[in-house]
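The values are calculated or read from the model by the stated rules, or taken from the named source; none is laboratory data. Remember, predicted model here, so these are calculated numbers, not experimental data. Ideal geometry is used to build each Cβ from the backbone, glycine not excepted, and the neighbour counts take in all protein chains shown. With ligands, DNA and RNA removed, areas are computed over all heavy atoms of the protein, side chains included. Shrake-Rupley method; radii C 1.70, N 1.55, O 1.52, S 1.80 Å.
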Amino acid sequence: MKNKLFTVALGMALTATAISASAQKAYKEGVITISTTMQGQTVEPKTYFRTDSAALLFSAGPANIKILTDAKGQSLAILVDVAVASMKKAAIASPAEVEEAMAKLPTFTFTPGTETKVISGFNCKKVVAKDTKSGKTYDVWITNDISIPSTGIAKYYATIGGFPVQYFNFQDTQSVEVTVKSVIEQKAPAGTFGIPADFEKITMDDLKALSGGGN
């Protein structure tokens with residue numbers, strides 16, 4: 001495992017606000033499947049969401065990883081389960097670490113465009129997102145076909161005016177493209193949003209050491 005992988009995942013997991021309420025179908029609980037790349041490989045993480053919590057699940061080699069966040073963006077936990085090593089760890093971020101991670105996210109202004117296209121069955125329109133910190137611009141495709149609770153959308157797209165279907169997540173100064181493959185109304189399995197009793201709770205620094213990363 002590489003520490004950068006967790007950084008990529010954090011960019012996807014840090015969420016904090018809701019989208020336009022004018023959408024046609026409103027989801028209160030369900031699962032979002034996306035396609036993106038991590039360390040040069042295509043992966044399809046799933047995010048289980050409900051109005052107060054989200055859980056991002058993906059695999060990295062032998063490790064099954066789950067990242068838990070809350071609707072207010074105030075709590076963060078990374079669970080790592082490596083069966084072949086009999087390892088179950090849950091890294092809990094401190095309030096200061098959560099604040100630091102949020103501060104690294106881009107701050108966008110949005111300019112709606114006129115272009116439209118269908119992506120994964122969603123009717124989408126293009127919005128140009130400009131990062132006020134770097135000056136870089138990104139084409140983001142949003143839909144108003146559906147609405148998702150605050151837990152299902154990255155904080156930096158809070159005021160974009162729809163649900164992002166094709167967009168960019170961020171890791172430090174790097175960006176990675178993400179495409180939503182599906183959104184399904186579904187109740188999460190029991191225990192999805194909690195930390196099982198058999199997981200050892202550790203710090204984020206402990207996790208960095210385990211994954212071969214430094215500060």
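To keep it simple, each residue is scored yes or no on (1) out of contact with any Phe, Trp or Tyr (no Cβ under 9 Å at 6 or more places or on another chain); (2) closer than 21 Å to Ala101 by Cα; (3) surrounded by 14 or more Cβ atoms within 10 Å (Cβ to Cβ); (4) of a type in the set (Lys, Arg).
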site	(1), (2), (3), (4)
Lys117	no, no, no, yes
Gly121	yes, no, no, no
Val127	no, no, yes, no
Val140	no, no, yes, no
Ser147	no, no, yes, no
Tyr156	no, yes, yes, no
Phe163	no, no, yes, no
Gln166	no, no, yes, no
Gln171	yes, yes, yes, no
Looking only at residues that are touching an Asp or Glu at 6+ places or on another chain (Cβ under 6 Å) and open to solvent by 70 Å² or more (accessible area, probe 1.4 Å) in the stretch 42-81, which one is nearest to Gly152 (Cα to Cα)? Arg50
Taking the stretch 92-109 and keeping only residues that are modelled with pLDDT of 90 or more and surrounded by 15 or more Cβ atoms within 10 Å (Cβ to Cβ), one is left with Ile92, Ala93, Glu97, Pro106, Phe108
Conditions (1) over 18 Å from Phe168 (Cβ atoms); (2) open to solvent by 10 Å² or more (accessible area, probe 1.4 Å); (3) in contact with a Leu (Cβ under 7 Å, 6 or more places away or on another chain); number of the one not met by Tyr27: (3)
Residues of the stretch 169-211 that turn out to be assigned to a loop (DSSP other than H, G, I, E, B), under 19 Å from the mean Cα position of the chain (by Cα) and aromatic (Phe, Trp, Tyr), as a count: 1
For the stretch 88-127, how many residues meet the condition of being without any contact (Cβ under 8 Å) to a residue 40 or more places away in the chain, over 29 Å from Ile146 (Cα atoms) and not in a helix (DSSP H, G or I)? 0
Boolean, Thr37 is polar (S, T, N, Q) and outside any strand (DSSP E or B): no
Filter pass, Gly135 being farther than 23 Å from Gly40 by Cβ and either within 13 Å of the chain's Cα centre (by Cα) or touching a residue at least 60 places away in the same chain (Cβ under 8 Å) (or both): no
How many residues are touching a strand residue (DSSP E or B) at 6+ places or on another chain (Cβ under 7 Å) and modelled with pLDDT under 90 if we restrict to the stretch 163-209? 1
Could you tell me whether any residue of the stretch 53-70 is part of a loop (DSSP other than H, G, I, E, B), of a type outside the set (Val, Ile, Thr), within 18 Å of Glu177 (Cα to Cα) and within 14 Å of the chain's Cα centre (by Cα)? no
Residue check, Gln39 against (1) loosely packed, with under 15 Cβ neighbours inside 10 Å; (2) in contact with a strand residue (DSSP E or B) (Cβ under 7 Å, 6 or more places away or on another chain); (3) not hydroxyl-bearing (Ser, Thr, Tyr), all met but one. Which one? (2)
Here are the criteria: (1) in a strand (DSSP E or B); (2) touching a residue at least 60 places away in the same chain (Cβ under 8 Å). Tell me which single one Thr151 does not satisfy. (1)
Taking the stretch 129-138, which residues are surrounded by 13 or more Cβ atoms within 10 Å (Cβ to Cβ) and among the polar types (S, T, N, Q)? Thr137
